[in-house]
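Trainee: Quick one: the structure is below, and I'll ask about it shortly.
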Amino acid sequence: MPQSLSAVYIHLVFSTKDRRPLLREKPTHDALHAYLGGISKQLDCPPILVGGVEDHIHLLARFGRTITQAEWVKELKRVSNLWLKERGRDYADFEWQGGYADFSVSQSNLEQVKQYIAGQEEHHRKVGFQDELRALLRRHEIEWDEKYVWD
């Protein structure tokens with residue numbers, strides 16, 4: 001086959017450092033989601049949906065063929081961190097957590113994951129970020145060590 005084709009979907013989740021609720025303001029929150037989507041698109045990982053709440057991000061994207069997951073996440077965090085710091089003193093010491101979690105999503109489950117991301121505000125009225133991430137890790141049968149997940 002002379003052409004390389006790919007349809008790999010990734011649900012990425014990452015938090016602010018120490019899960020600090022720094023993304024409370026809706027205009028900043030919404031602008032950040034749009035900005036992250038733009039970065040992802042530039043990295044040849046077209047976003048399907050970006051969402052989240054005051055202390056973490058969910059990004060669903062069609063993953064590109066020319067970048068690794070680690071490179072994608074590193075660049076998303078690096079560029080958005082700089083962008084947030086330019087938004088004023090409230091973000092002068094802003095940082096993302098060191099790690100991340102990402103999960104493969106089948107074509108048949110894209111709509112379900114989109115609804116999940118779109119419903120983040122409602123979801124987090126009942127469930128905190130740490131419990132949410134633990135549930136996602138269990139659902140995807142990923143082993144983790146609590147000592148290294150939270151920073």
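Trainee: With the requirement that a residue be in contact (Cβ under 8 Å) with a residue 12 or more places away in the chain and among the hydrophobic types (A, V, I, L, M, F, W, C), what does the stretch 70-100 give you?
Mentor: 72, 73, 76, 79, 83, 84, 94, 96, listed by residue number.
Trainee: Looking at the stretch 91-105, is at least one residue among the acidic types (Asp, Glu), part of a loop (DSSP other than H, G, I, E, B), surrounded by 13 or more Cβ atoms within 10 Å (Cβ to Cβ) and out of contact with any Pro (no Cβ under 6 Å at 6 or more places or on another chain)? Don't jump to the end; show me each part of the working.
Mentor: Residues of the stretch 91-105 that are among the acidic types (Asp, Glu), as a first pass: 93, 95, 102.
Subset that is part of a loop (DSSP other than H, G, I, E, B): 93, 95.
Cutting the leftovers down to surrounded by 13 or more Cβ atoms within 10 Å (Cβ to Cβ) gives us 95.
Still in the running and out of contact with any Pro (no Cβ under 6 Å at 6 or more places or on another chain): 95.
Looking through the stretch 91-105, at least one residue is among the acidic types (Asp, Glu), part of a loop (DSSP other than H, G, I, E, B), surrounded by 13 or more Cβ atoms within 10 Å (Cβ to Cβ) and out of contact with any Pro (no Cβ under 6 Å at 6 or more places or on another chain).
Trainee: Based on this model, can you work out whether residue 40 counts as more than 19 Å from residue 123 (Cβ to Cβ), of a type in the set (Gly, Ala, Ser) and in contact with a helix residue (DSSP H, G or I) (Cβ under 7 Å, 6 or more places away or on another chain)? Walk me through it before giving the result.
Mentor: Values: more than 19 Å from residue 123 (Cβ to Cβ): yes; of a type in the set (Gly, Ala, Ser): yes; in contact with a helix residue (DSSP H, G or I) (Cβ under 7 Å, 6 or more places away or on another chain): yes.
Yes: the conditions hold for residue 40.
Trainee: State all residues of the stretch 22-69 that are assigned to a helix (DSSP H, G or I), surrounded by 15 or more Cβ atoms within 10 Å (Cβ to Cβ), of a type outside the set (Ser, Thr, Tyr) and touching a residue at least 40 places away in the same chain (Cβ under 8 Å); if no residue qualifies, say none.
Mentor: Passing the criteria: 32, 36, 39.
None of the figures in this text is laboratory data; all of them are computed from the coordinates on show. The shown structure was predicted, so the numbers you read here are calculated from the model rather than taken from an experiment. Quick reminder, even Gly has a Cβ in these numbers, built from the backbone with ideal geometry, and neighbours come from all protein chains shown.
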